[in-house]
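Below: the structure, in C-alpha cells.
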Amino acid sequence: MSSRQERVDRYAKAVWEVILDRWTSALGEASSKVSSDKKLAATLADTGKPAADRAAALEKALGKNLPVEVLNLLKLMAESGDIGLIDEVAGRLGQIVTGQALSRKAEITSAIALSDEEKEQIRKRLIAEHGEGLTFTFDVDPALLGGLRVRVGDRLIDNSVASRLATLRESLSSVVR
C-alpha cells in the first residue's frame, strides 16, 4: 500500500491537472473565438474605445461558457490591450507545469554580416554564460560602425564603435564645460 504522502500527492496532482486542463481549454476556446470573429477582434484592438467597453464586448461574445476566473483574466487582458497574448499565456501555463524554463531571446546586432563560424562562437559563449533555452536572432546595423550589441532578456551589452564614440563624446564635452 502507498504511503499517506504519496496518496496526498496523487490527489493534489489530479486536481492540478484538472485545473490546468480547464484553463488551457478555456483559453484555447477564447482564442479561437477572438481570432474567428473579425468584429470582436476589431473591437478589442481599438484602443480608442474605453477599456470597459472592450471587456464588455469580450464577455458578451464569449458568453457563459467560460469559468469566471478565466473570463476575468481575459477581461483584464482586453482592458490592458493584451488580448493578443492568449495563446502565449496558455503555452506558458503548460511550460510552468512541466517545469520548463522560459525561453529567452538573444538578439545579436553587428555592423556587418557575421559568418556562420562567428555566429556559432557567439551562440556557444552566450549559452555558457546564460544557460540553455536561448533563441538567437542575428541582425545587421551599419550604424554601429563596428563591434556588437547583444541583448539577452533585459540585459544589454553594447560593445559597438558607435557607443564607444558616444561615450567619448560625452566625456570630452563634460571636461570642456
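Can you give the log10 of the normalised intensity I(q)/I(0) at q = 0.13, 0.29 Å⁻¹, computed with Debye over equal Cα scatterers of region 34-101?
Once normalised to I(0) and log-transformed, intensities are -0.38, -1.33.
Averaging sequence separations of C-alpha pairs under 8 Å and six or more residues apart, then dividing by the length of the chain, give the relative contact order as a whole percent.
Relative contact order of the chain: 16 percent.
Using a Debye calculation, one point per C-alpha and no hydration shell, please list log10 I(q)/I(0) for the chain at q = 0.17 Å⁻¹ in order.
Evaluating at q = 0.17 Å⁻¹ gives log10 I(q)/I(0) of -1.01.
Karplus couplings for region 16-26 from phi (6.51 cos²θ - 1.76 cosθ + 1.60, θ = phi - 60°), rounded to Hz, Gly and Pro as x?
Along region 16-26, the couplings run 4, 5, 5, 5, 4, 4, 4, 5, 5, 5, 5 Hz.
Could you compute the net charge surrounding Gly94? Neighbours are other residues with a C-beta less than 12 Å from the C-beta of Gly94; K and R count +1, D and E count -1.
Charge balance in the 12 Å sphere: -3.
Tally up the carbon and sulfur contribution to the accessible surface of the chain as a whole percent, 1.4 Å probe, everything protein left in place.
55
Please figure out what share of the DSSP beta bridges in the chain is antiparallel and state it in percent, rounded to the nearest 5.
Within the chain, antiparallel bridges account for around 60 percent of the total.
Ignoring ligands, DNA and RNA, what accessible area per residue does the chain give at 1.4 Å, in Å²?
69
Output the pairs from Lys13/Lys64; Lys13/Lys75; Lys33/Lys60 with a Cα-Cα distance over 18 Å in this structure; if there are none, say none.
Long pairs (Cα-Cα over 18 Å): Lys13/Lys64; Lys13/Lys75.
The values are calculated or read from the model by the stated rules, or taken from the named source; none is laboratory data. Quick caveat, the model's predicted, so the values are computed rather than measured. Don't worry about glycine lacking a Cβ; one is built from the backbone with ideal geometry, like all the others, and counts go over all protein chains shown. Keep in mind that these areas ignore ligands, DNA and RNA; they rest on the heavy atoms of the full protein, side chains included. Shrake-Rupley method; radii C 1.70, N 1.55, O 1.52, S 1.80 Å.
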